[in-house]
Amino acid sequence: MKCTACQQGNLVPSFIDALFRSHTCNNCGGNWILIEDYISWKERHPEHVFDDICVESIEAGDTVGALICPVTGGIMSKFRITKDNAHRIDYSARVGGVWLNKGEWEMLVAGGLAGNLNSILTDAWQKRIRQEKTSDTFENLYRSKFGESDYQKACDVREWLHNHAQKADLRAFLMAENPFSAIDYVL
C-alpha cells in the first residue's frame, strides 16, 4: 500500500510500540492502524498502562487537508482529539482504519489518550468536545464583556442562586423593576 500522507513511501507491516499491528510508512513514519486490531489487543490486555513520555520531544504533524484511505481510495474523516488540541486524526469508516502521522501516537500516549483511540472516533466523544469548546467560547466572551472581577462576582451569584431553596422568588425579586410594588413582583 502507498502512504496516504506523503504519497512517496510504502506502508510496511509493523507494530505500534510492539503492542498491536499497524502499517508504517517507510518514508514519513506515519502509521495506518485498523481499529479492530487495536480493540482486539486492548481486550486481551485490559491491565496495560501506557508509559508516560516526555511531551516536549513530540512534534506530531497534523495534515491540513483531507487524506485518502490507502485501502478504498475514499476521503477519510478528521476527528478532534480534545478541545484544546488542534490535532485531528484521520479515520476511514469504510475500512475502520486510522491514520496517525509520525508523533501522533506518542502525543496520544503523553496526553493519556492512547487507551481511548477507539472512543475518540465516536459521536459521543466528538459531541463532548464540541460542547466543551462552545462552553469555553462563551466563558471567554463573558470574561471579555464583564471584565474578570465582575465575571467572577456574577459566577458567585449564579452559584449561590442556583443552590438556594427559594431561587425562583429570588430571581423574580432581582429582575423586578421595583420589587416592592405589587405590580412587578408576585410571590
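Give me the percent of the accessible area of the chain that comes from carbon and sulfur atoms, probe 1.4 Å, all protein chains in place. Carbon plus sulfur share of accessible area: 53 percent.
If a spin label sat at a point 7 angstrom from the Cα of V49 along the line to its beta carbon, the backbone N atoms of segment 86-127 nearer than 17 Å would be those of 109-116.
Can you grab the distance from the C-alpha centre of segment 97-128 to the C-alpha centre of segment 64-81, Å, no decimals? So the separation of the two Cα centres works out to 15 Å. Per-residue SASA remark: H164, around 60 Å² accessible (1.4 Å probe; ligands, DNA and RNA not included).
This model, with +1 at the C-beta of Lys and Arg and -1 at the C-beta of Asp and Glu, gives segment 92-187 a dipole about its Cα centre of some 400 debye.
Per-residue Karplus couplings for segment 4-18, computed as 6.51 cos²θ - 1.76 cosθ + 1.60 with θ equal to phi - 60°, are listed in order as 6, 8, 8, 6, 10, x, 10, 8, 10, x, 7, 9, 7, 6, 6 Hz, Gly and Pro entered as x. Only four residue types carry charge here, +1 at the Cβ of Lys and Arg and -1 at the Cβ of Asp and Glu. Report the dipole size of the chain about the Cα centre in Debye, rounded to the nearest 20. About 660 debye. For the listed residue pairs K102/K133; K2/K133; K78/K133; K78/K127; K78/K102; K78/K145, the alpha carbons are over 24 angstrom apart in K102/K133; K2/K133; K78/K145. Under 1.5 on a/c is rounded, so check that first for the chain, then, if it is not, pick prolate when a/b is larger than b/c and oblate when it is not; a ≥ b ≥ c are the square roots of the alpha carbon gyration tensor eigenvalues. Prolate, because a/c is 1.5 or more and a/b exceeds b/c. Average accessible surface for segment 60-121: 40 Å² per residue, computed with a 1.4 Å probe over protein heavy atoms with every protein chain in place. The phi torsions of segment 64-77, fed into the Karplus equation with coefficients 6.51, -1.76 and 1.60 and a -60° offset, translate into couplings of 6, x, 6, 9, 9, 4, x, 9, 9, x, x, 6, 8, 8 Hz, rounded to whole numbers, with Gly and Pro shown as x.
The values are calculated or read from the model by the stated rules, or taken from the named source; none is laboratory data. Given the structure is predicted, the values throughout are model-derived calculations rather than measurements. Note: ideal-geometry Cβ built from the backbone for every residue, glycine included; neighbour counts use all protein chains shown. The protein model used for the area step is the full one, side chains on, heavy atoms only, and it has no ligands, DNA or RNA in it. Shrake-Rupley method; radii C 1.70, N 1.55, O 1.52, S 1.80 Å.
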